[in-house]
Amino acid sequence: MRHLIDIVDLTVEEIDSILEKAGDIIADGAKYAHAMDGKKLATLFFEPSTRTRLSFEAAMLELGGTVLGFSEAASSSAAKGESVSDTIRTVGCYADVIAMRHPKEGAPRAASIRSIVPVINAGDGGHCHPTQTLTDLMTIKAEKGRFSGLTVGLCGDLKFGRTVHSLLNALSRYDDMRFILISPEELQVPDYITDMLDERGLSWTATNSMDEYMEELDILYMTRVQKERFFNEADYIRLKDTFILTRAKLERAKKDMRVMHPLPRVNEISRDVDDDPRAAYFRQVYYGKIARMALIMWILEAAK
Ligand code: CP
C-alpha cells in the first residue's frame with residue numbers, strides 16, 4: 001500500500017516516472033480512456049477547493065473510473081463529531097482510492113494509518129500539497145524543459161503557503177537550483193524549509209523586494225496571502241497586497257520567464273498580466289488534471 005501525504009513520499013525516480021506518464025497522456029489520451037474502468041475515487045474535502053477537487057474528479061472520469069465524495073465537512077458525519085480515521089476507514093469500503101483535503105496539518109497522515117486503500121493528501125492546512133507540486137513540476141517541465149540550472153522566485157505568503165513548502169522540497173532534490181524567497185518578514189518561509197535547503201547545499205536568498213531579482217528569474221511563483229490561516233484579521237489586511245505583479249513590473253523580466261500561481265488568485269497578479277505569454281497559471285491548471293490522471297494510475301498500480 002502506498003499513500004501520498006508529502007512529496008518526499010515519492011522518490012525522484014517515481015516523480016520522473018509519473019511525469020513521464022503524464023507526458024504520454026498528453027500525447028495520446030485515448031490510450032488511457034479505460035485505464036480505470038470499474039475503479040472509484042472518493043474526494044473527501046473538509047476545506048473549500050475548486051481546482052484540486054474538480055481536477056481529481058475530471059482525472060478519474062477521463063480514465064473511465066467513477067467518483068463519489070463530499071465537498072464540505074458540514075455535509076459529512078464530521079459535523080456530528082466523527083474522527084477522520086473512522087471516516088477514512090468507512091470510505092475505504094466504498095472506494096479504491098481517496099483524495100482528502102483537511103484544514104488541520106497532519107490529518108491526512110493520521111487518516112492514512114487506518115486506511116485500507118491509498119490516501120492522497122489534497123492539501124493539509126499550511127503544511128503541504130503534494131499533488132499541486134506534481135502539477136507545478138509538470139508545468140516547469142513543459143514550459144522550461146528541465147529542473148536544473150533554474151532561478152526560481154517564490155513570492156507572497158511563504159509561511160502559510162503549503163504549495164511553496166512542497167515545491168521547495170521537490171525542486172531542491174534536483175541539481176543546481178537557486179531560490180529567491182520574496183515575502184514580508186512576517187510571512188517568511190518556515191525555518192525547517194530553509195534548514196532543508198541548507199542541508200541539500202542549495203543557494204537561496206530571502207528578500208522583501210519583488211523588483212530586486214526580477215531580471216534573474218526563470219520562474220516567478222506567485223502566491224496568495226492565506227487569509228484563512230491568520231489569527232488576526234488586521235494582520236491579513238495589512239499584508240494582503242504587499243506584492244502585486246503587474247505588466248509594468250514584468251518589463252524587466254526575461255522574455256522566457258514563466259509566471260506560475262497555484263490559484264486561486266486574489267489581487268497578487270493584476271489581470272493585465274493574463275494575456276502575457278509568460279503567464280503560465282491557466283496552463284498550469286490543465287497540467288494539474290493530467291498530473292492527477294498519471295498519479296491515480298501510479299498509486300493504484302503500486303497498491304496491487
Ligand atoms: N491550487 C489549489 O489547491 O486550488 P484549490 O484550492 O481551488 O483546490
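The values are calculated or read from the model by the stated rules, or taken from the named source; none is laboratory data. Since the structure is predicted, the reported quantities are computational estimates derived from the model, not experimental observations. Counting neighbours? That spans all protein chains shown, and the Cβs are built from the backbone with ideal geometry, glycine included. Keep in mind that these areas ignore ligands, DNA and RNA; they rest on the heavy atoms of the full protein, side chains included. Shrake-Rupley method; radii C 1.70, N 1.55, O 1.52, S 1.80 Å.
If Met260 passes every condition in (1) more than 16 Å from the ligand (Cβ to nearest atom); (2) in contact (Cβ under 8 Å) with a residue 40 or more places away in the chain but one, which one does it miss?
(1)
Output the number of residues of region 50-66 satisfying the condition of being open to solvent by less than 60 Å² (accessible area, probe 1.4 Å) and more than 12 Å from the ligand (Cβ to nearest atom).
Residues of region 50-66 open to solvent by less than 60 Å² (accessible area, probe 1.4 Å): 52-53, 55-60, 63-65.
Next cut, more than 12 Å from the ligand (Cβ to nearest atom) only: 58-60, 63-65.
Count: 6.
Any idea which of Phe231, Phe282 is within 14 Å of the ligand (Cβ to nearest atom) and over 13 Å from Asp157 (Cα atoms)?
Details: Phe231 fails: within 14 Å of the ligand (Cβ to nearest atom).
Exactly one residue qualifies, and that residue is Phe282.
Just name the residue that is nearest to the ligand (Cβ to nearest atom) out of those in region 116-160 that are open to solvent by less than 10 Å² (accessible area, probe 1.4 Å) and of a type in the set (D, E, K, R).
Ranking the candidates gives Asp136 first.
Kindly evaluate Glu47 against the criterion of being within 15 Å of the ligand (Cβ to nearest atom), under 30 Å from Met260 (Cα atoms) and not in a strand (DSSP E or B). Let's see the steps before the verdict.
Values: within 15 Å of the ligand (Cβ to nearest atom): yes; under 30 Å from Met260 (Cα atoms): yes; not in a strand (DSSP E or B): yes.
Judged against the criteria, Glu47 is a match.
Name, by its number, the condition in (1) among the charged types (D, E, K, R); (2) away from the ligand (no atom under 16 Å from the Cβ); (3) open to solvent by 70 Å² or more (accessible area, probe 1.4 Å) that does not hold for Asp96.
Asp96 satisfies every listed condition except (3).
Arg271 versus (1) free of Cβ contacts under 8 Å to residues at least 60 places away in the same chain; (2) within 16 Å of the ligand (Cβ to nearest atom); (3) open to solvent by 40 Å² or more (accessible area, probe 1.4 Å): which is the lone unmet condition?
With (1) free of Cβ contacts under 8 Å to residues at least 60 places away in the same chain; (2) within 16 Å of the ligand (Cβ to nearest atom); (3) open to solvent by 40 Å² or more (accessible area, probe 1.4 Å) applied to Arg271, the lone miss is (2).
Scan region 103-159 for residues that are part of a helix (DSSP H, G or I) and in contact (Cβ under 8 Å) with a residue 60 or more places away in the chain and report the count.
Step one: of region 103-159, the residues part of a helix (DSSP H, G or I) are 107-114, 130-144.
Narrowing further to those that are in contact (Cβ under 8 Å) with a residue 60 or more places away in the chain: 107-109, 112, 130-144.
Number of matching residues: 19.
Would you call Arg265 open to solvent by 20 Å² or more (accessible area, probe 1.4 Å) and within 16 Å of the ligand (Cβ to nearest atom)? Let's see the steps before the verdict.
Working: open to solvent by 20 Å² or more (accessible area, probe 1.4 Å): yes; within 16 Å of the ligand (Cβ to nearest atom): yes.
Considered against the rule, which asks whether it is open to solvent by 20 Å² or more (accessible area, probe 1.4 Å) and within 16 Å of the ligand (Cβ to nearest atom), Arg265 comes out as yes.
Is it the case, given these coordinates, that Tyr221 is open to solvent by less than 30 Å² (accessible area, probe 1.4 Å), without any contact (Cβ under 8 Å) to a residue 60 or more places away in the chain and in contact with a Pro (Cβ under 9 Å, 6 or more places away or on another chain)?
Numbers: open to solvent by less than 30 Å² (accessible area, probe 1.4 Å): yes; without any contact (Cβ under 8 Å) to a residue 60 or more places away in the chain: no; in contact with a Pro (Cβ under 9 Å, 6 or more places away or on another chain): yes.
For Tyr221, the condition - open to solvent by less than 30 Å² (accessible area, probe 1.4 Å), without any contact (Cβ under 8 Å) to a residue 60 or more places away in the chain and in contact with a Pro (Cβ under 9 Å, 6 or more places away or on another chain) - is not met.
Which residue out of Gly69, Gly81 is within 16 Å of the ligand (Cβ to nearest atom), open to solvent by 40 Å² or more (accessible area, probe 1.4 Å) and small (Gly, Ala, Ser)?
Values: Gly81 fails: within 16 Å of the ligand (Cβ to nearest atom).
Going through Gly69, Gly81 in turn, just one is within 16 Å of the ligand (Cβ to nearest atom), open to solvent by 40 Å² or more (accessible area, probe 1.4 Å) and small (Gly, Ala, Ser): Gly69.
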